[in-house]
Amino acid sequence: MGALYKKIVITDWNHFEEEIKNHRYKRWIYRGQNNSKYGLSTSLERLFQYASEIGVKIEPNKNFPINYKRKYEKELLDEFKKSAHIYISNLPNENYQFEWLSIMQHFGVPTRLLDFTYSPFVALFFALDNAKSDFAIFAIRSDNFWEIEVDSELEDLKSNHEIMIYEPIKSNERLLAQQGLFLVANTLKTPVERLINKAIPVNENNDSEFIKYIFGKELRKEFFVLLKKMNITSTTLYPGFTGYCSALPWNILGK
């Protein structure tokens, strides 16, 4: 049995920086979420959850059997490959399935990939962005996980390593700016958060390697200002005109 994540309530900016300093000599990754009540789930998991809630069923008394989930994921990938060349240039090798999944994730197609970043401050920005309640950052010691080879196939993930890391060989401009990477589950049968919990060993010194930092919503304005001073904004994290447009209203409000 792995270690459940530890919860730490952040009181102010200095407290957060002190927490992050504890990670500087180890390899940690971070994910920001704009509601502290949310757990970790992939976009594919959320799609199936939503479909179940609105009453979509594949078989009588069954929402989505595991075989259907695998079939659905493969069909998504195959259909995306068929049409991607119309909209995207410089596509990856046909056999590099995880490169294709990373592109799908970039354009909002549900996948089993879970976005993370090497930067706690980038994660903080995503936690703050559009937050209307208390927000959170998940921090995980990433050297607990093996890395996926670029030529691996989805079927190759049937290994003892239930959670793995994938870093695309052709990072897009946005992923580079965000210092991004992905955690990948080797199965669609078990929720990704449960697999992460299982993969993190219980530390004999009781030092947690899976942490959820929780921030009160009253910190949002101050933290946005401090991140802007660090040049962490929509403009820098979403390079191009989209990022500029996203940041523009707040830039004017902040004058």
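Summary of computed values
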quantity	calculated
Label-point gap, in nm, between Arg46 and Ile169 - each point 7 angstrom along Cα→Cβ	3.0
In nm, spacing of pseudo-spin labels at Arg27 and Asp143 (7 Å Cα→C-beta vector)	0.8
Calculated FRET value between Ser133 and Asn231, using beta carbons and R₀ = 25 Å, to 0.05	0.40
Mean Cβ count within 10 Å, highest first, over the residues of peptides 221-233, 81-93	221-233, 81-93
Distance (nanometres) between label positions extended 7 Å along Cα→Cβ at Glu19 and Lys198	2.8
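Readers should treat all values here as calculations from the given coordinates under stated rules, not as data from a laboratory. Please read all numbers here as calculations on a predicted model, not as lab measurements. All Cβ positions, even for glycine, are placed from backbone atoms using ideal geometry, and neighbour counts span all protein chains on display.
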